[in-house]
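Take a look at the structure below.
The values are calculated or read from the model by the stated rules, or taken from the named source; none is laboratory data. Everything numeric here is computed off the predicted structure, so don't read it as measured data. Because the Cβ atoms are built from the backbone with ideal geometry, glycine has one as well, and the counts that use them run over all protein chains shown. Just the protein is used for accessible areas: all its heavy atoms, side chains included, with ligands, DNA and RNA removed. Shrake-Rupley method; radii C 1.70, N 1.55, O 1.52, S 1.80 Å.
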Amino acid sequence: MAGEPTIVGLGLSPQGRRLGVSRRELRRRAIDEALADAGLHRRQVDACICIGTELEDLRYAGLTPRTSFALNSGGASPGLSVLVAGGLLATGQAEYVVCVYGEAWTGEAPRLTPHHGASTGTDLGGYSYGYPYLHGLVGPASVYALAAQHYLDRHGGGSEDLAAVAVTERSYGAVRPGAVGFGEPITVSDHQESRMIVDPLRLLDCSRPTDGAVAVVVTSPARAADCAATPVAVLGAGTGHNLENWWNGTMFRRTGAAPDAARTAFRRAGVGPEDIDVAQLYAPFSIAVLLQLEEYGFCDEGEAGAFVRGGGTGPKGRLPTNTGGGQLSGFYATGFTPLSEGILQVRGTAPSSQVPGAELCLVSGSGGNGGVQGSWAHVGMILGRPR
Amino acid sequence: MTTFRPYPGDVVADTADAVFWQACREERYLVSRCSDCDRHLWPAGACPDHGMAGMTWVEASGRGRLVSWTVVHQDYPSSFRGAPDTTAVIELEEGAFVHSALSCRGRPSVGMAVEVAFHQIGDGVVIPVFCTVGDDTVRDHRPPGVPPPGPTGEGVREP
Ligand SMILES: [Zn+2]
C-alpha cells in the first residue's frame, strides 16, 4: 500500500470577480504555483485530474503525464480527486498527481476577433435539474432553500440562525486579503435587510461565482518527505450520497454527510468530532454550515443555530469554521474553497485567522446530481500532519 | 428571464414518463410501483433493490403532506414567465416524494395535508399541482400566466 494520500503542493491563483483571465491560463498559473510549492519539476507529474472540464488542455499547461482524465461532480470533485489520486498512487500508476480546477465565469478574457457570430453563454443549471424546473424551481439556491425552510420549520428557528453563519464568515472574509468580503464586515441587520433570493435565503446567505483556479499535488507519504512544502495527509476520508437520503425521506435534512461520509471519515482517521480543531465546510449557502455541524456530530440536532450564534464557529470558538471567509465571503472554487483553506490551516500558514496549533481539520464537499435535484455526492476528509 | 415555459418533454431525455403525462391529461395521478417490494417511486426509473423488471404505473390517491417549500424571488436566466409562486416537495401517501407547484392561501406549513389538482399549461399539456386539502378556492387558483383548462394554450409558449 502506498499509504495515505498526502498533499505536498498547493497553487492558488487570484480568486475574485471579473479577473479578465481565461480559465486555462488561471489553471496553468495554479499548476505552476503548486509545483513550485512542492519543489517538483513539471516532468515529474505523471497523472493529472482535470476538474469541471471536458477539454483537458495539458498542452497549454505544459504537462506530459502518463494519464489524465476529467472528473465532474461539482463541489465534491476536489475531495474526490484527492481520493482518486490515492488510488492511482496505490496501484502504481503514478507517483505525483496534479488535481486542478479553474473557472472564469465573470471575467471576459481578451479574445481574438471571431470570423463570424459571437460566442453564446450557457444556461447555468436550469434544465439539469429536470422535473423541478417545470414548476419554476431554478438554480442551486432553490435546493438549499428547501433544506433551509425544512430546518427552520423543524427546529422553530428564525432567519437569525442563518444570519449568524453569514456574519461569522464575513468576519473572516473581512480580514482576508483578496476575499470578496475583504474590508466589509456585516451585521445581522444587514443580513435581515438584504433582499430575498429564494425564500428563506437572502442575498447574504448566498455565494456568488468567482473566477480563479486551484491546484494540488498529491503523492505518497514516502515521497512527501522529500518535497519542499510541509506535507498535509488525508488521515481519513468518507463518501456519502444524498440519493439514499432522497429515498428514505431525509434528503432535505442533509448535505449527504450523514450517515455514511461522516462516520467513515472519523472511523478511518481514528478520531471523533471532539478531536477536530478547525473545519472547512462546503457551504455555498449559509444553511449548509448548520446542517453539516449536526451531520458531523459537532452539535446535536437543532442546536447548530445556537452554536453559531454563540460564537462556536468564530475565531475564539470551539470550532473555527470557514476561516478564509468560506464561499459566502471568501471565494467560490467549488470544493477547493474548503480544501485549500484546510491545507493552509494544517500547515499553519493561513494568511489570516490561523488557528493556533491546529492539528486536525475537517474538510467537506458536495456536488453532482444523481437524478433528483439535491441528490449529490458528498465527501469528507480529515487533514493532519503525516503520522 | 426566458418567455419559454418548459414542458415535460423539455426536461428529460426520453419517454419513460409518457404514461404519467397522458394520465394527467385525463386528470388521473399515477405513480410507478415496484411489484417485487411494493415501493412507490417517482419519476420513472429502476427500483434500488429490484431494478426495472417489476416497475408498473398505478393510480395514486393524489393526497400527501408538505415536506418543504420555497418561493423563488430571483430572476435567473432560465426563470420563465408564468412560473408558479410557490414550489414544494410533497410526500405522497404511497411514500414517494415529488416536486410540485403549491397552491395555498397564506403561509404554507410543513406537514400540512395537500391533494393534487391538474393545470393545463399549454395545448394538451397538463401538469399536476398540489393544493391545500378541501379548499376549493385554492384548487381553482391558477398561477399568473396560466390559462384555464381548454383548447386555448396560446400565449403560454411564445415563439
Ligand atoms: Zn423493489
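For segment A:284-307, what are the residues that are closer than 16 Å to A:LEU360 by Cα and surrounded by fewer than 24 Cβ atoms within 10 Å (Cβ to Cβ)?
A:GLY297, A:PHE298
What number of residues within segment A:347-383 are within 14 Å of chain B (Cβ to nearest Cβ) and open to solvent by less than 10 Å² (accessible area, probe 1.4 Å)?
Adding up the residues that qualify gives 3.
For segment B:47-74, which positions are crowded, with 18+ Cβ neighbours inside 10 Å, within 11 Å of another protein chain (Cβ to nearest Cβ) and touching a Lys or Arg at 6+ places or on another chain (Cβ under 8 Å)?
B:CYS47, the sole residue that qualifies.
How many residues does segment A:196-226 contain that are of a type outside the set (S, T, N, Q) and touching a Lys or Arg at 6+ places or on another chain (Cβ under 6 Å)?
3
Do you know which residues across segment A:137-192 are within 14 Å of chain B (Cβ to nearest Cβ), open to solvent by 20 Å² or more (accessible area, probe 1.4 Å) and within 19 Å of A:TYR282 (Cα to Cα)?
Listed by number, the list holds a single entry, A:PRO140.
Which of the residues that make up segment B:77-108 are among the small types (Gly, Ala, Ser) and more than 9 Å from chain A (Cβ to nearest Cβ)?
If the condition is that a residue be among the small types (Gly, Ala, Ser) and more than 9 Å from chain A (Cβ to nearest Cβ), then B:ALA96, B:SER103, B:GLY106 are the ones that fit.
Keeping to segment A:193-218, report how many residues are more than 30 Å from A:TYR96 (Cβ to Cβ), surrounded by 20 or more Cβ atoms within 10 Å (Cβ to Cβ) and either without any contact (Cβ under 8 Å) to a residue 40 or more places away in the chain or among the hydrophobic types (A, V, I, L, M, F, W, C) (or both).
5
Determine, yes or no, whether B:GLU94 is assigned to a loop (DSSP other than H, G, I, E, B) and either surrounded by fewer than 22 Cβ atoms within 10 Å (Cβ to Cβ) or within 9 Å of the chain's Cα centre (by Cα) (or both).
Considered against the rule, which asks whether it is assigned to a loop (DSSP other than H, G, I, E, B) and either surrounded by fewer than 22 Cβ atoms within 10 Å (Cβ to Cβ) or within 9 Å of the chain's Cα centre (by Cα) (or both), B:GLU94 comes out as yes.
For segment A:214-271, give me every one of the helices (runs of 4 or more DSSP H) that falls completely inside it and has 2 or more residues that are of a type in the set (A, V, I, L, M, F, W, C) and touching a Ser or Thr at 6+ places or on another chain (Cβ under 7 Å).
It comes to A:242-247.
Tell me which residues, restricted to segment A:242-283, are within 14 Å of chain B (Cβ to nearest Cβ) and either open to solvent by less than 50 Å² (accessible area, probe 1.4 Å) or within 21 Å of A:GLU303 (Cα to Cα) (or both).
A:ASN242, A:LEU243, A:ASN245, A:TRP246, A:GLY249, A:THR250, A:MET251, A:PHE252, A:ARG253, A:ARG254, listed by residue number.
Could you please find all residues in segment A:10-40 being more than 25 Å from A:ALA225 (Cα to Cα), in contact with a helix residue (DSSP H, G or I) (Cβ under 9 Å, 6 or more places away or on another chain), open to solvent by less than 30 Å² (accessible area, probe 1.4 Å) and not small (Gly, Ala, Ser)?
A:GLN15, A:VAL21, A:GLU25, A:ARG27
Regarding segment B:75-86, can at least one residue be identified that is more than 16 Å from the chain's Cα centre (by Cα), free of Cβ contacts under 8 Å to residues at least 24 places away in the same chain and open to solvent by 30 Å² or more (accessible area, probe 1.4 Å)?
no
Taking the stated definitions as given, is B:ALA23 farther than 30 Å from A:ARG202 by Cα and of a type in the set (Gly, Ala, Ser)?
yes
Does at least one position in segment B:116-128 carry a residue that is modelled with pLDDT under 85, in a strand (DSSP E or B) and closer than 21 Å to B:GLN22 by Cβ?
The answer is no, given that none of the residues of segment B:116-128 is modelled with pLDDT under 85, in a strand (DSSP E or B) and closer than 21 Å to B:GLN22 by Cβ.
Using the structure shown, decide if A:GLY310 is open to solvent by less than 30 Å² (accessible area, probe 1.4 Å) and in the same structural domain as A:LEU152 (by TED's automatic domain parsing).
Considered against the rule, which asks whether it is open to solvent by less than 30 Å² (accessible area, probe 1.4 Å) and in the same structural domain as A:LEU152 (by TED's automatic domain parsing), A:GLY310 comes out as no.
Considering only segment B:1-59, how many residues are touching a residue at least 40 places away in the same chain (Cβ under 8 Å), within 16 Å of the ligand (Cβ to nearest atom) and of a type in the set (Val, Ile, Thr)?
Total satisfying the criteria: 1.
So the check is Cβ under 7 Å with 6+ separation or different chains; which pairs have a first residue in segment A:244-270 that's hydroxyl-bearing (Ser, Thr, Tyr) and a second one that's surrounded by 21 or more Cβ atoms within 10 Å (Cβ to Cβ)?
A:THR255/A:ALA288; A:THR255/A:LEU291; A:THR255/A:GLN292; A:THR255/A:GLU295; A:THR255/A:SER366; A:THR255/A:HIS378; A:THR264/A:GLY238
Return only the number of the condition from (1) in a loop (DSSP other than H, G, I, E, B); (2) more than 28 Å from A:ARG18 (Cα to Cα) that A:SER68 does not satisfy.
(1)
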